[in-house]
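Q: This is the structure, below, for whatever I ask next.
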2 protein chains.
Amino acid sequence: MTSQRTPQRADWRRNRERLLAAAAEVVARDGASASLEEIARRAGLGSATLHRHFRSREDLLTEVFHEGVERLVARGRELNEAEASKGLAIWLEELTRYTAATRGLAFSLRPTSTGTGSGCIGMLRDVAGDLAATAAAADRLRPDVTVEDLLALANGIAIQAEDDPDLAARLLRIAVTGIEPSREPRRDSRA
Amino acid sequence: MTSQRTPQRADWRRNRERLLAAAAEVVARDGASASLEEIARRAGLGSATLHRHFRSREDLLTEVFHEGVERLVARGRELNEAEASKGLAIWLEELTRYTAATRGLAFSLRPTSTGTGSGCIGMLRDVAGDLAATAAAADRLRPDVTVEDLLALANGIAIQAEDDPDLAARLLRIAVTGIEPSREPRRDSRA
């Protein structure tokens with residue numbers, strides 16, 4: 001973009017990044033009801049600047065969630081390469097942890113919702129599908145468990161353990177491994 | 001006339017039972033926002049009669065939930081006798097199914113809530129504890145999985161699969177057995 005040359009454009013972009021970084025922190029703590037004033041303050045900017053970048057609370061939250069989902073998608077691709085059949089369980093735990101920490105996202109991803117989360121669901125479902133296919137090929141995912149089941153479990157747990165990402169991760173690990181003791185130690189080709 | 005006292009008592013009790021039965025059906029369909037007018041109509045009684053029995057929506061819902069929880073508690077005791085170590089999984093599925101069908105209950109049982117569900121949680125936790133102890137004694141429950149974990153999983157799944165008890169039961173079964181194929185067929189002393 002030729003517009004990148006002008007200092008105003010660089011300022012604009014830098015301010016936007018600072019606002020989004022501040023928003024991610026405040027949303028992680030306070031969920032969708034995060035104070036816009038606090039976000040602006042934490043970014044070292046005024047409320048007017050925030051409102052020039054994001055016309056409404058929903059605009060800002062959508063952007064924050066979108067960035068979070070993009071990170072989760074990138075992380076899923078990385079895990080699918082690096083962890084192979086173990087990637088699915090690791091990723092589901094990270095997804096659940098993130099969703100529990102950002103309360104608005106958990107609710108926006110509930111099946112009845114038609115809001116902010118809809119586009120995000122597609123991106124998450126795609127990467128979850130790739131991870132599930134890798135796990136299934138290594139006989140680490142039952143054929144009757146669908147990607148929708150996995151995302152629904154992760155989201156239900158995140159809603160239940162809202163604001164407690166450690167509990168969310170713990171419950172997700174239980175759901176992935178089941179409540180019974182392992183029958184025998186699992187032998188993996190990869191340590 | 002003192003001779004009418006007994007029939008009036010009987011009427012009062014019968015009407016109350018009809019109202020509670022109707023309320024259970026409507027709440028199962030519409031959750032905590034169930035229409036009081038519809039409940040009265042379904043019971044074949046007037047709204048005024050409903051309001052004489054239950055002073056507020058919350059009174060009625062509390063009673064409906066209380067009855068549902070009492071049934072679940074009785075069922076848990078029965079399963080603990082009849083199904084022994086398999087009782088826990090069966091009961092958790094029934095709990096999840098019931099909670100998904102009565103939306104208000106799912107929310108009232110969330111950890112942050114201090115409302116209607118608080119007393120119910122204690123009753124459910126006790127019977128869940130008995131079932132868990134039986135399962136643990138038969139090596140069908142990992143020692144690091146607590147009763148709170150089990151109730152949290154059941155409730156999170158019920159919230160996620162609100163209004164879809166079949167999906168809720170399916171997700172609960174996945175969480176109980178884990179997402180991987182069984183390592184070997186499970187041998188039970190009981191068929």
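Q: Do the conditions hold for residue A:176, that is, is it crowded, with 21+ Cβ neighbours inside 10 Å and in contact with a helix residue (DSSP H, G or I) (Cβ under 6 Å, 6 or more places away or on another chain)?
A: Criteria met by residue A:176.
Q: Among the residues of the range A:92-102, is any more than 13 Å from chain B (Cβ to nearest Cβ), modelled with pLDDT of 90 or more and on the phi > 0 side of the Ramachandran plot?
A: no
Q: I'm checking my understanding of the structure. Among residues of the range A:160-172 that are buried (at least 24 other Cβ atoms within 10 Å of the Cβ) and of a type in the set (A, V, I, L, M), which one is farthest from the chain's Cα centre (by Cα)?
A: A:171
Q: Out of B:28, B:48, I need the residue that is free of Cβ contacts under 8 Å to residues at least 40 places away in the same chain and either assigned to a helix (DSSP H, G or I) or touching an Asp or Glu at 6+ places or on another chain (Cβ under 8 Å) (or both). Which one?
A: Of the residues listed, the single one that is free of Cβ contacts under 8 Å to residues at least 40 places away in the same chain and either assigned to a helix (DSSP H, G or I) or touching an Asp or Glu at 6+ places or on another chain (Cβ under 8 Å) (or both) is B:48.
Q: Another question, then. Which one is surrounded by the most Cβ atoms within 10 Å (Cβ to Cβ) among residues in the range A:134-159 that are on the phi < 0 side of the Ramachandran plot, part of a loop (DSSP other than H, G, I, E, B) and facing chain B (nearest Cβ under 7 Å)?
A: The qualifying residue surrounded by the most Cβ atoms within 10 Å (Cβ to Cβ) is A:141.
Q: Give me the residue from the range B:60-91 that is among the acidic types (Asp, Glu) and closer than 18 Å to residue B:14 by Cα and, out of that set, surrounded by the most Cβ atoms within 10 Å (Cβ to Cβ).
A: It comes out as B:63.
The values are calculated or read from the model by the stated rules, or taken from the named source; none is laboratory data. Here the structure is a predicted model, which means the values were calculated and not measured. All Cβ positions, glycine included, derive from the backbone under ideal geometry; neighbour counts span all protein chains shown.
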